[in-house]
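The next block holds one structure in the form of structure tokens; read it before the comments.
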Amino acid sequence: MKKITIFLSLFLFAIAANAQQYTIKAELTGFEEHTKFYLKDNTTDQNIDSAILVNGKFTLKGKISSVKAFWLYTSTKEALYFTNLLMGADEVSIKADAKDFPWYVKIKGSSKSGCSKYLSSRH
């Protein structure tokens, strides 16, 4: 029984150590104060995080174990605003105005998103 407990502890530790942190820092204009933004995992179609825009800024932080595709989005009475993110354990900064969504959002810090933006622009 003791060996099983040790094995399970090591297994859970390995899984936890494999998950690394992402950070998304956004500076956005053209949205009302206190607009809520969501980070949606495109694989599971689930919102995994959210933040409220305060003074034109918000930060999202969480754990991620591999590179994934995400949607950063919000919905207002007027429209759905979104952009695609392809990222792993990165620190990403986003700068945009509401009119920049979805294709002209400035994303820095994730080389994976840069590749994704390039491929999307080729449509």
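What to note about this one:
- Computed with every protein chain present, the accessible area of K61 is close to 130 Å² [probe 1.4 Å].
- Solvent-free Debye scattering, log10 I(q)/I(0), computed from the Cα coordinates of segment 24-110 at q = 0.23 Å⁻¹: -1.23
- For F31, the residues whose amide H sits under 5 Å from its own are A98, ignoring neighbours fewer than 5 places away on the same chain, with H placed 1.01 Å from N.
- Selection of GluC sites (Glu not before Pro), segment 23-95, meeting DSSP coil and at most 14 other Cβ within 10 Å: E32, E33, E78
- Cβ-derived FRET efficiency at R0 25 Å, K95 paired with V67, nearest 0.05: 0.65
- Amide H contacts under 5 Å for I48, placed H, 5+ residues apart: L39, K40, D41
- Label point distance in nm, L80-K106, each placed 7 Å from Cα along Cα→Cβ: 2.8
The values are calculated or read from the model by the stated rules, or taken from the named source; none is laboratory data. Here the structure is a predicted model, which is why all the values come from computation and not from measurement. Note: ideal-geometry Cβ built from the backbone for every residue, glycine included; neighbour counts use all protein chains shown. With ligands, DNA and RNA removed, areas are computed over all heavy atoms of the protein, side chains included. Shrake-Rupley method; radii C 1.70, N 1.55, O 1.52, S 1.80 Å.
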